[in-house]
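Undergrad: I'd like to ask you about the structure that follows.
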Amino acid sequence: MLITAGPTREKIDPVRYLTNRSSGRMGYALAEAALRRGARVLLVSGPTALKPPGAAEVTWIESAAEMRQAVLALLPQATIVIKTAAVSDYRPKSAAQQKIKRKAP
């Protein structure tokens, strides 16, 4: 079973990013329930404070592009896919290499 969980982060510069407040709880709860029922769980998770279920095979990602790449790579191993991740709707065209300085009003 392939489960996605948590938020994604889209970098604006080295210290800022776009994200949402997803905790990942739904995906982690589904992973735990699937493990209790004997499933092999492939969990693709964005940054979260939660501890993943012990037997889950976790792939950590940050961006929506990384989420897509991880899901497509793991898809052939899955017979069931549940997508609970809160993938970002937007991303900058490019991330600045240095912190963007605040402009005086």
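Undergrad: Where residues in region 62-91 are in contact (Cβ under 8 Å) with a residue 60 or more places away in the chain and in contact with a Pro (Cβ under 9 Å, 6 or more places away or on another chain), which of them is farthest from residue 29 (Cα to Cα)?
TA: Filtering first and then ranking leaves 88.
Undergrad: Only one of these conditions is not met by residue 26: (1) without any contact (Cβ under 8 Å) to a residue 40 or more places away in the chain; (2) assigned to a helix (DSSP H, G or I); (3) open to solvent by 60 Å² or more (accessible area, probe 1.4 Å). Which number is it?
TA: (1)
Undergrad: Which ones in region 29-52 are open to solvent by less than 30 Å² (accessible area, probe 1.4 Å), not polar (S, T, N, Q) and not in a loop (DSSP other than H, G, I, E, B)?
TA: Result: 31, 33, 34, 42, 43, 44.
Undergrad: May I pose another question? Hey, any hits in region 8-19 for a residue that's buried (at least 16 other Cβ atoms within 10 Å of the Cβ), at negative phi and within 10 Å of the chain's Cα centre (by Cα)?
TA: yes
Undergrad: Hey, among the residues in region 1-23 that are basic (Lys, Arg) and in a loop (DSSP other than H, G, I, E, B), which one's farthest from residue 79 (Cα to Cα)?
TA: If we filter region 1-23 for residues that are basic (Lys, Arg), which is where we start, we get 9, 11, 16, 21.
Then drop every residue that is not in a loop (DSSP other than H, G, I, E, B), which leaves 9, 21.
Values: 9: 28, 21: 29 Å.
Applying the filter and picking the extreme gives 21.
Undergrad: Out of region 92-103, which residues are open to solvent by 60 Å² or more (accessible area, probe 1.4 Å) and in contact (Cβ under 8 Å) with a residue 24 or more places away in the chain?
TA: Of region 92-103, the ones open to solvent by 60 Å² or more (accessible area, probe 1.4 Å) are 93-94, 97-103.
97, 98, 99, 100, listed by residue number.
Undergrad: Shifting gears a bit: Could you list, in sequence order, the residues of region 53-69 that are within 16 Å of residue 91 (Cα to Cα) and in a loop (DSSP other than H, G, I, E, B)?
TA: Of everything in region 53-69, those that are within 16 Å of residue 91 (Cα to Cα) and in a loop (DSSP other than H, G, I, E, B) turn out to be 61, 62, 63.
Undergrad: Same structure, new question: Could you grab the pairs with beta carbons closer than 6 Å, sequence gap of 6+ or different chains, first residue in region 49-61 and more than 17 Å from residue 21 (Cα to Cα), second one outside any loop (DSSP other than H, G, I, E, B) and of a type in the set (Asp, Glu)?
TA: 53/32
Undergrad: Is one or more of the residues making up region 68-88 open to solvent by 50 Å² or more (accessible area, probe 1.4 Å) and at pLDDT below 95?
TA: Yes, the conditions are met somewhere in region 68-88.
The values are calculated or read from the model by the stated rules, or taken from the named source; none is laboratory data. Predicted model, so just to flag it, every value in this text is computed and none were measured. Positions of Cβ are backbone-derived with ideal geometry, glycine not excepted, and every protein chain shown enters the neighbour counts. Note: accessible area is taken over every heavy atom of the protein model, side chains too, but ligands, DNA and RNA are not part of it. Shrake-Rupley method; radii C 1.70, N 1.55, O 1.52, S 1.80 Å.
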